[in-house]
Amino acid sequence: MGEATGETRIEVRRGDTLGEAYRRAITEVFVEGFGEDLAYFSKDTVRLTGAVEHMLVLERFHVALIDGRPAALASLTESGQEAIDHDARTLRRHLGPGKGTIADRVFRTHFQGGSGADRPGRAEIGFVASARRFRGRGAARAVLHHIVSLPGYDEFTLEDIKDTNAPALGLYESVGFREYRRRPVRHTRWSGFHAYVSMIRARE
């Protein structure tokens, strides 16, 4: 699929159709998007990329390309599907025994456990991220428009968005999502936010 945004030509492809040659570049976008959340394990983005690139299930990710380079991505999962499938030994090799073990536990608790989509026709969008060099050119919006136009689904959800992430919430609202749940978090002074917001969009 190609989408023209101003003068930018954006193509959206599923990760596995791009192939393993794109895995590193796709992971770099993932790490740029979630580097703040992963900073405890390492502030070195090259090290983080090496640690997590094995775990992205490429067939679950849709990737926006600008000039042939991954510019943004998002995962799409149905009930029981995983977008992340990590190996504890690989994490320990890249992050060290201590942090690698903690990363294994954190990823199993927060990144895995199957999609929240609980019925046929409902899918969950997750891990929305964009590369800094391409931000402002519509890549993340193009990925979302592509996903919500896919056949076979009548409802999409986005789960657990930090209530302080105004750019993301604004983007999702502009694509037709609305808030349907707000889950307060404890220790807000430490975490820096007050609640996780979940959003939903029915097919028009």
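The values are calculated or read from the model by the stated rules, or taken from the named source; none is laboratory data. No experiment lies behind these values; they were computed from the predicted model shown. Positions of Cβ are generated from backbone atoms using ideal geometry, with glycine treated the same way; all protein chains shown enter the neighbour counts. These area figures cover heavy atoms from the full protein model, side chains too; ligands, DNA and RNA do not enter into them. Shrake-Rupley method; radii C 1.70, N 1.55, O 1.52, S 1.80 Å.
GNM remark for the chain: springs join alpha carbons under 10 Å apart, and the peak mean-square fluctuation among Phe193, Phe156, Phe127 falls on Phe193. Matching the structure-derived Rg/Rh (Cα atoms, Kirkwood Rh) against the labelled list (i) 1.00; (ii) 0.95; (iii) 1.03 gives the label (ii).
Between the alpha-carbon centres of the range 10-34 and the range 140-204 there is a gap of 21 Å. If the chain linking Arg132 and Asp87 were pulled fully straight, counting 0.36 nm for each residue of separation and taking away their Cα-Cα distance, it would gain 13.4 nm. The phi-based Karplus calculation (6.51 cos²θ - 1.76 cosθ + 1.60; θ = phi - 60°) puts the 3J(HN,Hα) values of the range 11-16 at 10, 10, 10, 6, x, 6 Hz, whole numbers, x for Gly and Pro. The residues of the range 1-77 present an accessible area of 45 Å² per residue when probed at 1.4 Å with all protein chains retained. When trypsin sites (Lys or Arg not before Pro) are flagged only if DSSP places them in a loop and at most 16 other Cβ atoms lie within 10 Å, the longest unflagged stretch of the chain comes out as 44-134. Calculated accessible area for the range 154-194 comes out at 70 Å² per residue, all protein chains present (probe 1.4 Å; ligands, DNA, RNA ignored).
On the chain, 47 percent of the accessible area sits on carbon and sulfur atoms, based on a 1.4 Å probe.
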